Amino acid sequence: MQVRISIVAVIAALLMVSPATAEGVRYVCADNTELTATFHSDPGFADLVFAGSSEHLTLPQALSADGGRYASGNTEFWIKGNDATLTRGDSRTTCKH
């Protein structure tokens with residue numbers, strides 16, 4: 001009986017925990033673009049906020065064999081470790097955080 005009550009208490013506590021707040025990751029790119037990327041799961045997407053401008057992009061997570069890839073139309077943000085590649089149209093730059 002004691003074990004059953006403990007299990008119920010643990011489950012109840014887990015259900016009351018709110019989801020973790022996503023934290024932004026700052027990237028500096030080779031073309032001097034600076035941005036903060038905030039990654040979200042369920043569903044997966046990334047919010048990109050560009051420093052010094054009002055530009056803000058929300059990119060859904062895309063299939064990737066390696067790293068994290070977020071893309072929409074001709075815009076893509078692909079991360080692997082501390083490195084990222086930002087592609088907008090025909091322009092591509094590498095970024096580090």
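The alpha carbons of segment 21-96 stretch over 31, 27, 24 Å along the principal axes, in descending order. For residue 81, the shell of other residues with beta-carbons less than 13 Å away shows a net charge of 0, using +1 for Lys and Arg and -1 for Asp and Glu.
Quick note: the coordinates plus some simple rules give every number you see, no bench work behind them. Fair warning: this is a prediction, and the values are worked out from it, not measured in the lab. Neighbour counts are summed over all protein chains in view; Cβ atoms, including those assigned to glycine, are modelled from backbone coordinates with ideal geometry.
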